[in-house]
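Taking it in order: structure first as structure tokens, then the write-up.
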Amino acid sequence: MNPYIDVSKEVKEALASGKAVVALESTIISHGMPYPKNVETALAVEEVVRAKGAVPASIAILGGRLKAGLSRAEIEYLGKAGLKVAKASRRDIGRLVAAGSDGATTVAATMIIAAMAGIRVFATGGIGGVHRGAESSMDISADLEELARTKVLVVCAGAKSILDIPKTLEYLETKGVPVAVYRGTEFPAFYTSHSGIKAELVMDSPGEIAGMVKAHWELGFGSGAVIANPIPKESEMPADIISGAIEKALKEADKNRIHGKELTPFLLAKVKELTGGDSLESNIALVKNNAALAALIAIELEA
Ligand code: PSU
Ligand code: MN
């Protein structure tokens, strides 16, 4: 095991005995939702994973140590600290370790730490991707490069349309990352299952997904995979309300010249502000839904 990583006792035992483990990210806790809902959600999502028969491993960087499996107190700490904790992607891990600092891990950094620990399935809300206007800004999330190089399957609710979804899918195709939609006909757009983009590959069971990723890895391909799990019907937001809020958020970001790592958190916060509590409730519902599917896939992978 990498000397910089601490795997919790529960996660270590689960991995050693071939039990299913599901990784969970921490940017969603500190940067994605307000306190105390973020802590409640992170703990509830862990419970969803357990209820399905798998072991949750929330991931973060604490005091310069890479952590796979967080205690309640550690989750509470990250939730309370919020934006004061550094948002950590691949490039940030080394400097945070060297400084003995804390970091809330993005999809990319969570994949890296999960892979180091031997965890192959990870549930989150939405992945980063190619931003709208990337043809001039070149803003493409490091999450996509990580998916191209790290063997972790990521279950998400698609991508928010703060991103250019068709370009994000093109990028993943170029990089050889398998992308499948779970029981849906369109690639889902986070708050809504409708994006107008036809699903290229649809899978109907956790077993089928596990079989696909197992073959992908046994063939020697070194990439991750994306499973896009549409938000449950009852939690969906009306598409026009969401797209109106996103257009407004993008204009504000442009006006305030927000870019780099600040852009995604800025857009997420604006969309939330503009849609009130409804979007937060949808967000919580879809993360739980993804955690449940990830647990079932992880169980199939260990079977
Ligand atoms: N998209 C969401 N919710 C999120 C994120 C993205 O719908 O919480 C977070 C994730 O942690 C993701 C990160 O890995 O933002 C991507 O940031 P960037 O675009 O700066 O790479
Ligand atoms: Mn970016």
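Is it the case, given these coordinates, that Glu236 is farther than 27 Å from Glu146 by Cα, crowded, with 16+ Cβ neighbours inside 10 Å, away from ligand 2 (no atom under 16 Å from the Cβ) and at pLDDT 95 or above? Spelling it out, Glu236 is indeed farther than 27 Å from Glu146 by Cα, crowded, with 16+ Cβ neighbours inside 10 Å, away from ligand 2 (no atom under 16 Å from the Cβ) and at pLDDT 95 or above.
Residues of segment 17-31 that are surrounded by fewer than 24 Cβ atoms within 10 Å (Cβ to Cβ) and within 16 Å of ligand 2 (Cβ to nearest atom): His31 alone. Sub-6 Å Cβ pairs linking a first residue in segment 123-144 that is within 12 Å of Thr264 (Cα to Cα) and assigned to a loop (DSSP other than H, G, I, E, B) to a second residue that is more than 7 Å from ligand 1 (Cβ to nearest atom) and of a type in the set (S, T, N, Q), at least 6 apart or interchain, are Gly129/Thr168, ordered by first then second residue. Please count how many residues of segment 30-41 are assigned to a helix (DSSP H, G or I) and in contact with a helix residue (DSSP H, G or I) (Cβ under 7 Å, 6 or more places away or on another chain). The qualifying residues number 5. Every condition in (1) surrounded by fewer than 23 Cβ atoms within 10 Å (Cβ to Cβ); (2) assigned to a strand (DSSP E or B) is met by Lys12 except one, and the failing one is (2). Taken across segment 101-110, residues that are more than 17 Å from Pro265 (Cα to Cα) and of a type in the set (A, V, I, L, M) do not occur at all. Picking from residues in segment 217-246 that are over 20 Å from Ala108 (Cβ atoms) and of a type in the set (A, V, I, L, M), the one that is nearest to the chain's Cα centre (by Cα) is Ile231. Between Lys255, Lys288, Lys248, Lys233, the distinction of being away from ligand 1 (no atom under 13 Å from the Cβ) and closer than 16 Å to Thr124 by Cβ belongs to Lys288 only.
Restricted to segment 118-129, and to residues there that are in contact with a helix residue (DSSP H, G or I) (Cβ under 7 Å, 6 or more places away or on another chain) and within 13 Å of ligand 1 (Cβ to nearest atom), the residue that is nearest to Gly222 (Cα to Cα) is Phe122. Of the set (1) crowded, with 23+ Cβ neighbours inside 10 Å; (2) charged (D, E, K, R); (3) within 11 Å of ligand 2 (Cβ to nearest atom), all apply to Asp139 but (1). Against the test of being touching a strand residue (DSSP E or B) at 6+ places or on another chain (Cβ under 7 Å) and not acidic (Asp, Glu), the options Ala291, Ala269, Ala285, Ala253 yield a single qualifying residue, Ala291.
On the stretch given as segment 155-207, residues that are among the basic types (Lys, Arg), part of a loop (DSSP other than H, G, I, E, B) and away from ligand 1 (no atom under 16 Å from the Cβ) total 1. Considering (1) outside any helix (DSSP H, G or I); (2) more than 9 Å from ligand 1 (Cβ to nearest atom); (3) farther than 17 Å from Gly222 by Cβ, the lone condition that Lys151 does not fulfil carries the number (3).
Among the conditions (1) within 16 Å of the chain's Cα centre (by Cα); (2) more than 21 Å from Val45 (Cα to Cα), Tyr171 misses just one, which is (1). Evaluated against (1) touching a residue at least 60 places away in the same chain (Cβ under 8 Å); (2) surrounded by 19 or more Cβ atoms within 10 Å (Cβ to Cβ), Trp217 falls short on exactly one condition, (2). Across segment 247-279, the qualifying residues are those that are over 21 Å from the mean Cα position of the chain (by Cα) and basic (Lys, Arg), and the one among them that is surrounded by the fewest Cβ atoms within 10 Å (Cβ to Cβ) is Arg257.
Within the set Ala57, Ala44, the sole residue that is touching a residue at least 12 places away in the same chain (Cβ under 8 Å) and in a helix (DSSP H, G or I) turns out to be Ala44. Considering only residues that are within 15 Å of ligand 2 (Cβ to nearest atom) and small (Gly, Ala, Ser), which ones fall in segment 87-113? Once the filter is applied, which keeps residues that are within 15 Å of ligand 2 (Cβ to nearest atom) and small (Gly, Ala, Ser), segment 87-113 yields Ala88, Ser89, Ala108, Ala109.
The values are calculated or read from the model by the stated rules, or taken from the named source; none is laboratory data. Since we're looking at a predicted model, the values are computed, not measured. Using ideal geometry, Cβ is built from the backbone for each residue, glycine included, and neighbour counts are taken over all protein chains shown.
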